[in-house]
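Everything on this sheet refers to the single structure shown next.
The values are calculated or read from the model by the stated rules, or taken from the named source; none is laboratory data. Here the structure is a predicted model, which means the values were calculated and not measured. Heads up, the Cβs are rebuilt from the backbone with ideal geometry, glycines too, and the neighbour counts pull from every protein chain shown. Protein only, heavy atoms only, side chains kept; ligands, DNA and RNA dropped before computing areas. Shrake-Rupley method; radii C 1.70, N 1.55, O 1.52, S 1.80 Å.
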Amino acid sequence: MNNPFIELGIRHDIVNAISELGFEKPTPIQEASIPVLLSGSNDFVGLAQTGTGKTAAFGLPLLELIDFEENHPQALVLCPTRELCLQITSDLSKFAKNIPNAKVVAVYGGASIMDQLRSIKRGVQIVVATPGRMLDIIGRKAIDFSDIRYVVLDEADEMLNMGFQDDIDEILSTTPEEKKTWLFSATMPSEVRRIAKKYMTDPHELTMGKQNTGNANIEHEYYVVRARDKYAAFKRIVDFNPDIFGIVFCRTKIETQEIAEALIKDGYNADALHGDLSQQQRDKVMKRYRERSLQLLIATDVAARGIDVNDVTHVINYSLPDEIENYTHRSGRTARAGKTGVSIAIINSKELGKIRQIERVIGKQFIKAEIPNGFDVCEKQLFSLIHKVHNVTVNEAQIEQYIPRIMDEFADLTKEDLIKRFASLEFNRFLEYYKNAPDLNAPEDARFRERDGASGERFSRGNNGDYTRLFINLGSVDGFGRGELLGYICNNTGIVGRTVGKIDVKGVYSFFEVANADSETVMNAFKTIEYKGRQVRIEVSGDERSEGGRGRSGGGGYNRREGGSGGGFRGNRREGGNGGGYPRRDGGDRNNGGGFRDFSGKRREERSERRNRS
Ligand code: ADP
Ligand code: MG
């Protein structure tokens, strides 16, 4: 029997190349779109779930339709980010590797424009570009689009979301009227549909599956936690999945950066991907993630749109996206090419409505999951370790010289003793960290109030005497001295100055004492108060010991991170004496414990920044 791609009309050279990539038969969107696109006679809209092979769905027909004897641009693929631009370029180049003289050039911001201009000058048939840089090159009259026959808009909705519409208009105005425009996306919000109509005349429309439906191979789970416990809960989910290879989505660039930094500080193998990083930083992060030397990629919606990394096990919504459509794009980073995956949302009880909305859009129900307790995590980690030991590759040649001495050392131990000791070596540390681990699942009652400041894995010690010592996440770096802080507290709570005891201003946080009877009032009063856009947090303080482990200042010692975060997570993480990526210090959870700033108001700014940068 013929290869099914041949039957669709794809030539042998290309089929051989994709066979090497493991493409045995076309995916449904490929099967449906390839024949239509090969006719070359229509504009086209292709909507299909994430991870279903849309790149090849337009890429293979493009390679068939282009005349590679000619050395001028015939096809232009526009996409929203440079990561996607590089990925599409790489995919198309692989598909075309047996076609003589086929040239695909990536055009994107943040990298040397001279290199890109040179490649264009040498001759190119397919240009894959982000809009900003493309326009720049057009402005320099460095490219001739008068023979463009096909324009592909990949992840079109995101490009329009990002405010690229004017750029796209301008770019397209330099291409011939008669060209065909193909638009691909996983979702098609109605307002985008209206705008997209503008670029197309009477398009042939293909929707695979129910529109907007999520990938059936993805399990969706949600966890309900108190806002303050979110970071701790998130870490516990990660600890419970020792082999996680995940993408964690945050709402803003700042939150993305903060979470990544906190995780790194806590000994996890994580890094951030967002638009404020330089192109080099972004490339480096993506490379490490693709090579799996990074275990957790913390990303914004924009930065991770469309990226295709194999075998992502979990997508974690640290914050739910502002726009529902983005949930589909996020979760679509897992379960690609027929695999399975889990998409997790960590929410507070007020966000349950959003989960129900998402369920309606993806046509699938979430499973309510429970944050595992400390014991479960310990057990999971222990057996993960045991499996690793069982499966480790022993380097006989290297280890041999030490064996006699090791044997000698262990001579007095039975096999059972040895196993117990060896397992305890790791297990004791987990037990230590998790021994007083509280239940992080939020109670069902949405009106539940956080009252005890000691909900975390952090404090259990009470306060003595008539005063309660409180922690506040404001300090000298925020411009507070003792007097200012006293004024600030009194103004916001209505308590009088003389009832306030000792005030101890530190860098990014402070302590102050209030009469026991007032502590509840103070804590309640600050629940809704923000300082320069940041939620003010008040908590009952423990003793000095807990201060040390507290806070982002890092001033408090406990810096167990010397080992660096590099290296593969499969085992290496442990070597620096960092423990297996679970935090040991008491206050570890505190780094980001409180509510993050809500930057939604800055979205517009972010967008215009993005545009400048693309
Ligand atoms: P989408 O753009 O729809 O999200 P991609 O084009 O990025 O998806 O493809 C997702 C993954 O599926 C890629 O890793 C790609 O190599 C793989 N893939 C695409 N088509 C096939 C096929 N016919 N057979 C096997 N794997 C495929
Ligand atoms: Mg894609």
Subset of region 28-65 (residues that are in a loop (DSSP other than H, G, I, E, B), within 16 Å of ligand 2 (Cβ to nearest atom) and in contact with a helix residue (DSSP H, G or I) (Cβ under 6 Å, 6 or more places away or on another chain)): ALA48, THR52, GLY53
Test set (1) touching a helix residue (DSSP H, G or I) at 6+ places or on another chain (Cβ under 8 Å); (2) modelled with pLDDT of 85 or more; (3) part of a helix (DSSP H, G or I) - ALA423 fails condition number: (2)
Would you mind stating whether PHE68 is away from ligand 2 (no atom under 13 Å from the Cβ), of a type outside the set (Val, Ile, Thr) and in contact with a Gly (Cβ under 6 Å, 6 or more places away or on another chain)? no
Answer yes if at least one residue in region 215-237 is modelled with pLDDT under 85, within 19 Å of the chain's Cα centre (by Cα) and more than 30 Å from ILE386 (Cβ to Cβ), and no otherwise. yes
Out of the residues in region 162-207 that are of a type in the set (Ser, Thr, Tyr) and without any contact (Cβ under 8 Å) to a residue 12 or more places away in the chain, state the one that is surrounded by the fewest Cβ atoms within 10 Å (Cβ to Cβ). SER190
One residue is enough: does region 165-185 have a residue meeting the conditions within 16 Å of ligand 2 (Cβ to nearest atom) and more than 23 Å from GLY59 (Cα to Cα)? no
Please go through region 265-294 and pick out each residue that is assigned to a helix (DSSP H, G or I) and crowded, with 16+ Cβ neighbours inside 10 Å. LYS265, ARG282, ASP283, VAL285, MET286, ARG288, TYR289
Answer yes or no: is there a residue in region 113-124 that is under 25 Å from ALA57 (Cβ atoms), part of a loop (DSSP other than H, G, I, E, B) and open to solvent by less than 10 Å² (accessible area, probe 1.4 Å). yes
Conditions (1) over 30 Å from ARG194 (Cβ atoms); (2) not in a helix (DSSP H, G or I) -> VAL128 fails only (1)
Filter region 32-63 down to the residues that are without any contact (Cβ under 8 Å) to a residue 60 or more places away in the chain, near ligand 1 (Cβ under 9 Å from one of its atoms) and open to solvent by 30 Å² or more (accessible area, probe 1.4 Å) and list them by number. none
Would you be able to tell me the number of residues in region 82-112 that are touching a Phe, Trp or Tyr at 6+ places or on another chain (Cβ under 6 Å) and either in contact (Cβ under 8 Å) with a residue 40 or more places away in the chain or in a helix (DSSP H, G or I) (or both)? 3
Do we have VAL522 as surrounded by 14 or more Cβ atoms within 10 Å (Cβ to Cβ), in contact (Cβ under 8 Å) with a residue 12 or more places away in the chain and assigned to a loop (DSSP other than H, G, I, E, B) here? no
Of residues in region 1-26 being within 16 Å of ligand 2 (Cβ to nearest atom) and open to solvent by 40 Å² or more (accessible area, probe 1.4 Å), the one nearest to PHE95 (Cα to Cα): LEU21
Residues to consider are GLY332, GLY353; find the one that is within 16 Å of ligand 2 (Cβ to nearest atom) and not hydroxyl-bearing (Ser, Thr, Tyr). GLY332
